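I have placed the structure first, in the form of structure tokens, so that the comments after it can refer back to it.
The values are calculated or read from the model by the stated rules, or taken from the named source; none is laboratory data. None of the values given here were measured: they were computed from a predicted structure. No Cβ is skipped: glycine too gets one built from the backbone with ideal geometry, and neighbour counts run over all protein chains shown. Calculation scope for accessible area: heavy atoms of the full protein, side chains included, ligands and nucleic acids excluded. Shrake-Rupley method; radii C 1.70, N 1.55, O 1.52, S 1.80 Å.
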Amino acid sequence: MLEEERKFGADDAFRLPDLTDRLPTGGTVVQAPPVTLTATYYDTPDLRLARSGVSLRHRKGDDLPWTVKLPAAVPGLRHEISRKGRPGNPPADLVALVTAWSRGAALAPAARIRSVRQAYELHDAEGTVLAELADDAVTVFDGKAVRMAFREIEVERKDGGREVLDAVAGALTGAGAVEGEFTPKHVRALGAAAALPPDLTPPGNLPEQPSAAEVVAAAVRSGIGRIFAHDPLVRLGQPLDDGDTAVHQMRVGCRRLRSDLRTFGALLDRAWADRLRDELRWIAGVLGEARDAEVLRERLQHTANADPLCPVDGDAVARLDAALDARQRQALTTVEEALRSPRYHAMLDLLIAAAREPKVLASAAQPAQRLLPRMVARPWRRLAYGAKGVDGAADLDPLAADERWHAVRINGKRARYAVDAVASVIGGPAAKLAKALGRVQNLLGEHQDAAVAADTWVSLAAESPDDTALALVAGRLYERERTAIRAVRAAFPEAWAVAAEPTRTRWLP
């Protein structure tokens, strides 16, 4: 679950203001009995978790004492996952969730914190808990000795809107509390070492006139960051807020990074880039099996419900889905095994080193605007004209085999990734080309999904030759997928014409 909260510092003389008038009409503040919470935080010896905004703790006094907190894309938001378990023995699934940051290193107690908490629930007139305020007197221990003490107030959003947090924050600061940075208790407790930079180097902001090396480094770091961000979400198996899946996004991170290493290969140490690409190919392939099953299950429901006036046999569809479900569960088991393997831990170390210091050649010191368009032109030409000047997007035969359309799709993805990597530097025409290529790629992706799905429905039915209802449904689904393919082929020329307009491609040599 996502946790959203705001933190405030206060001295011992601070008194909580009356918050009733900050709530909707009829709202009330309900005080809970004070509790004492003793938390032990686990980390690696070099505090990899704390430095990355991640925590794994056991807190005595909670119904679910073990909790992992992971950073989310929005500042102030965190993913919070809790489990039962005995003290001193972190649950294996929570240890796995922090693998992207621990990289398999041993975890041990790093900080012990006691909080005497006075909590308040902020209710609306119907009794719904809008927010929860926790007033903590915090003591940090070094062995049995007290090393630090401070007071911290947290306001966590529950079923209320963000305006409730804003209103309460205004009351607290008006009474003398000081709203600070989002610094967790254990990071304050661990001191300066926990505030050092994380191991994973972020892309950062490019200068106004970047070198090619700076743009390539930013692209490499962006892809690596995407892989790391989605690793724990893949393990959780929960859909993303936008309806996408973590398996898909992690796989995209792998494939995009492999594509960037290929596009800008002339500027990179070859052995270094090849090793990265080999490991990325491996994990992307593992993720691909699970992603293919995801897509097929989504596709099955979409295609089966495409014509409400002509429904298909729901029981037969359910049998198809059951077969795909078994395939997906097996694929996810393989993913889990791969993410727990020593090879994956070694790959994470490799990616950390790659983000810290991309092996860029001296020739990449030239201005990006001078050097990179020539490199992007290669995947663009391969998309437009094919490997030998034929069968590219520019002359794609609407009657060509599905495999030819798939080959163009692969080239389209590489071209789009390459353009994306330089769009912020080149400016308007490149950004417009990236957007147009997105439309082209969406069409080609729909083509491939429909082609694979059509073959899958038929092959699944063939596994049960005596199931005539299943065979009938598979045939109807097959025809619907081929109709979708014809629609893509009809729409493609217009989308390609937009992408190939000189106003979008004139910056390519």
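Some notes on this structure:
- Listed residue (ALA346, GLY191, PRO308) projecting farthest to the positive dipole end of the chain, Cβ model: ALA346
- What a 1.4 Å probe finds exposed on segment 343-414 is 52% carbon and sulfur by accessible area, rounded to a whole percent.
- Cut-off of 10 Å, at most 13 other beta carbons, DSSP loop: longest stretch of the chain lacking such GluC sites (Glu not before Pro): 209-462
- Counted by Cβ distance under 12 Å from VAL498, the other residues give a net charge of +2, where Lys and Arg count +1 and Asp and Glu count -1.
- If you count Lys pairs in the chain whose Cα atoms are under 23 Å apart, skipping same-chain pairs closer than 8 places in sequence, the total is 19.
- Summed residue charge, Cβ within 11 Å of ARG48's Cβ, Lys/Arg positive, Asp/Glu negative: -1
- Other residues lying with their Cβ under 9 Å from the Cβ of ARG277 contribute a combined charge of +1, Lys and Arg counting +1, Asp and Glu -1.
- The heavy atoms of PHE264 offer some 0 square angstrom of accessible surface to a 1.4 angstrom probe.
- Whole-percent carbon and sulfur share, accessible surface of segment 1-117, 1.4 Å: 54
- Paramagnetic label zone (point 7 Å from Cα along Cα-to-C-beta, VAL178; backbone N under 18 Å) in segment 150-170: 150-155, 169-170
- Full extension of the chain between GLU163 and GLN330 gives 55.7 nm of extra length, using 0.36 nm per residue less the Cα-Cα distance.
- Largest-first ordering by accessible area, 1.4 Å probe, given options LYS185, LYS158, LYS84: LYS84, LYS158, LYS185
- Rolling a 1.4 angstrom probe over the protein heavy atoms with all chains in place gives segment 202-291 an accessible area of 42 Å² per residue.
- Solvent-accessible surface (1.4 angstrom probe) belonging to ASP292, in square angstrom, nearest 10: 80
- When all protein chains stay in place and ligands, DNA and RNA are ignored, the 1.4 Å accessible-area order of ASP420, ASP166, ASP260, largest first, is ASP166, ASP420, ASP260.
- Computed with a 1.4 Å probe over protein heavy atoms only, the accessible surface of segment 406-447 comes to 35 Å² per residue.
- Against the chain, whose longest principal axis comes from its Cα atoms, helix 270-304 is set at around 80 degrees.
- Rolling a 1.4 Å probe over the protein heavy atoms leaves CYS310 with an accessible area of roughly 60 Å².
- Segment 1-149, accessible area per residue, ligands and nucleic acids excluded (1.4 Å, Å²): 48
- Reported label for calculated mean projected area of the Cα convex hull in nm² given (i) 20.8; (ii) 29.9; (iii) 23.9: (ii)
- FRET efficiency for ASP315 and SER459, using Cβ-Cβ distance with R0 set to 22 Å, rounded to 0.05: 0.65
- Considering only alpha-carbon pairs that sit under 8 angstrom and 6 or more positions apart, the relative contact order computed for the chain is 13 percent.
- Full-stretch length increase - THR38, ASP274 - with 0.36 nm per residue and alpha-carbon distance subtracted: 80.1 nm
- Label sites at THR468 and ALA346, each approximated as a point 7 angstrom past Cα along Cα to Cβ, lie 5.7 nm apart.
- Just the protein heavy atoms count here, and of the accessible area of segment 188-341 at 1.4 Å, carbon and sulfur take up 50 percent.
- Segment 205-273-segment 283-362 distance, computed between alpha-carbon centres (Å): 18
- Largest-first ordering by accessible area, 1.4 Å probe, given options VAL146, VAL168: VAL146, VAL168
- What separates the Cα centres of segment 60-109 and segment 471-501 is a distance of 45 Å.
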